[in-house]
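Working notes, beginning with the structure itself.
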Amino acid sequence: MDKNNFFKKDAQRPTEEQRLLTKPFYRNANTIYQHFNDWKDMDRFYFIPLYLEMTYSINGIVSELAPDPVWLGSFVCCVMEHPELFHYQCPKCGKMVLPYRFAGSPLSGRVDLEGYCECGWKGSETVSGWFKRGEVLRERLAADRFRNRKYKLLHNKAEPATVEELLQFLVGK
């Protein structure tokens with residue numbers, strides 16, 4: 001994957017099943033962020049595939065912040081390590097919001113960071129810097145690629161966990 005190639009012709013959209021597997025992350029993102037230290041070293045959870053559809057299409061050419069699937073651990077780690085790029089303030093209570101999705105337009109350079117706040121507020125913040133955020137996420141995915149290959153090599157028959165399985169693990173802690 002070329003980290004600087006944001007444009008992809010004839011991009012495949014995720015299947016309905018893949019999108020449904022990602023929905024629990026949207027609903028439970030705050031819990032997953034809060035317990036990141038509990039699961040970040042468990043490859044089975046770290047490499048849960050997310051189909052976030054962080055794309056923009058014009059005239060049949062699709063640009064994407066990162067190609068689907070994006071690993072859950074890579075996404076969360078990226079957001080946690082770069083608060084200046086991915087955190088924003090809740091307009092209701094002032095706490096920091098960690099997004100569960102971001103999408104936008106390379107033409108305008110804008111990005112919509114979507115998230116929930118602990119106070120119950122749900123919404124998005126529009127910021128500039130589409131290419132920078134895409135580059136940071138792609139760099140995190142590239143950095144995690146070796147770890148993923150090692151995991152696959154050592155556990156060649158293992159299937160990645162689902163977000164529901166991660167949530168069950170967190171409830172049992």
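Read-outs throughout are calculated quantities, based only on the coordinates presented, and are distinct from any laboratory measurement. The structure presented is a predicted model; accordingly, all values stated were derived computationally and were not measured. Because the Cβ atoms are built from the backbone with ideal geometry, glycine has one as well, and the counts that use them run over all protein chains shown.
Would you mind checking which residues have amide H under 5 Å from Trp71's amide H? H placed 1.01 Å from N; only 5 or more apart, or other chain.
Leu50
Residue by residue through the stretch 102-107, what is 3J(HN,Hα) from phi via Karplus (6.51 cos²θ - 1.76 cosθ + 1.60, θ = phi - 60°)? Round to whole Hz and write x for glycine and proline.
9, 8, x, 10, x, 5
Going by average Cβ density within 10 Å per residue, which order do the peptides 101-109, 41-49, 148-156 take, highest to lowest?
Numbers: 101-109: 16.6, 41-49: 18.4, 148-156: 11.7.
Taking the mean over residues of other Cβ atoms within 10 Å, the ranking is 41-49, 101-109, 148-156.
Mind checking Rg over Rh on the chain, alpha carbons, Kirkwood formula for Rh? Mind showing how you got there, number by number?
Values: Rg = 15.9 Å, Rh = 16.7 Å.
We get a ratio of 0.95 for the chain.
Could you work out how much longer the chain between Glu17 and Leu153 gets when fully extended? Use 0.36 nm per residue separation minus the Cα distance between them, nm to one decimal.
Working: separation 136, 0.36 × 136 = 48.96 nm, distance 2.61 nm.
Extra length available between Glu17 and Leu153 comes to 46.3 nm.
Quickly work out the Val171-to-Cys93 label distance, labels modelled 7 Å from Cα along the C-beta direction, and quote it in nm with one decimal.
Rounded to a tenth, the inter-label distance reads 2.3 nm.
Could you work out how far apart the two model spin labels at Ser124 and Asn30 are, taking each label as a point 7 Å from the Cα in the direction of the beta carbon, and quote it in nm?
That separation, rounded to one decimal, is 2.0 nm.
What are the ³J(HN,Hα) values, in whole Hz, obtained from phi via the Karplus relation 6.51 cos²θ - 1.76 cosθ + 1.60 with θ = phi - 60°, for each residue of the stretch 123-134 in sequence order, with x given for Gly and Pro?
Values, residue by residue: x, 9, 10, 9, 10, 9, x, 4, 5, 4, 5, x Hz.
List the cysteines of the chain that have no other Cys Cβ closer than 4.7 Å: which are they?
Flagged as lacking a Cys partner: Cys77, Cys78.
With +1 on each Lys and Arg Cβ and -1 on each Asp and Glu Cβ, and nothing else charged, work out how big the dipole of the stretch 7-172 is about its Cα centre, in Debye to the nearest 20. The partial results should precede the final answer.
Details: 23 positive and 21 negative charges, 50 e Å.
Approximately 240 debye in magnitude.
Take every Cα pair under 8 Å in the stretch 25-173 that's 6+ residues apart, average their separations, divide by the length, and report that relative contact order as a whole percent.
Contact order relative to length: 25 percent.
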